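Below is one structure, written out as structure tokens; comments come after it.
The values are calculated or read from the model by the stated rules, or taken from the named source; none is laboratory data. Please read all numbers here as calculations on a predicted model, not as lab measurements. Cβ atoms come from the backbone with ideal geometry, glycine included; neighbour counts cover every protein chain shown.
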Amino acid sequence: MLADALAEAAWAEADRALAEAMAEAQILKAAAEGEARDDAMALLEQALGRAARKRGLVRFGEVGARESYDAARHELARPLQRAPKQVRVIASGVTRAGAVLVKARVVAVRSRT
């Protein structure tokens with residue numbers, strides 16, 4: 001019973017954080033360019049971060065980072081005939097408790113010859 005109550009409370013907190021993120025997304029969409037849009041983007045990122053933390057979600061793969069290709073962790077933005085050795089991250093992936101929920105989106109790094 002206590003475990004169920006705690007789980008329900010955690011879901012309620014995550015739902016609230018996600019609802020805040022949804023509201024911030026609407027503000028961002030309506031914001032004019034410049035400082036108002038930058039402020040709205042920052043608030044959206046904070047709200048999404050809170051929701052993610054409540055659910056134990058963690059990003060991996062820093063945008064712009066060069067990594068060895070791993071099919072279990074990477075999704076190629078442009079499919080290739082052969083798997084590349086090195087890739088550059090263009091969008092982070094997401095894990096929870098070590099399980100990959102969303103693979104990092106990557107592009108192949110071409111070797112210089």
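Mind telling me which of the residues ARG88, ARG50 ends up being surrounded by 14 or more Cβ atoms within 10 Å (Cβ to Cβ) and either assigned to a strand (DSSP E or B) or of a type in the set (Val, Ile, Thr) (or both)?
ARG88
Modelled with pLDDT under 85 and either under 18 Å from the mean Cα position of the chain (by Cα) or in a helix (DSSP H, G or I) (or both): does that describe ALA21?
So ALA21 passes the test.
Out of the residues in segment 91-113 that are more than 18 Å from the chain's Cα centre (by Cα) and surrounded by 13 or more Cβ atoms within 10 Å (Cβ to Cβ), state the one that is farthest from LEU57 (Cα to Cα).
VAL109
In segment 91-111, which residue that is among the charged types (D, E, K, R) and not in a strand (DSSP E or B) is farthest from ARG55 (Cα to Cα)?
Applying the first criterion (among the charged types (D, E, K, R)) to segment 91-111 yields 96, 103, 105, 110.
Filter once more, so that each one left must be not in a strand (DSSP E or B): 103, 110.
Values: LYS103: 17, ARG110: 37 Å.
Looking at residues that are among the charged types (D, E, K, R) and not in a strand (DSSP E or B), I get ARG110.
When you look at ALA9, is it modelled with pLDDT of 85 or more, more than 14 Å from the chain's Cα centre (by Cα) and loosely packed, with under 13 Cβ neighbours inside 10 Å, yes or no?
Values: modelled with pLDDT of 85 or more: no; more than 14 Å from the chain's Cα centre (by Cα): yes; loosely packed, with under 13 Cβ neighbours inside 10 Å: yes.
Criteria not met by ALA9.
I need a count of the residues in segment 1-52 that are touching a Leu at 6+ places or on another chain (Cβ under 6 Å) and either within 18 Å of VAL94 (Cβ to Cβ) or assigned by TED's automatic domain parsing to the domain that holds GLY93 (or both).
Qualifying residue count, segment 1-52: 4.
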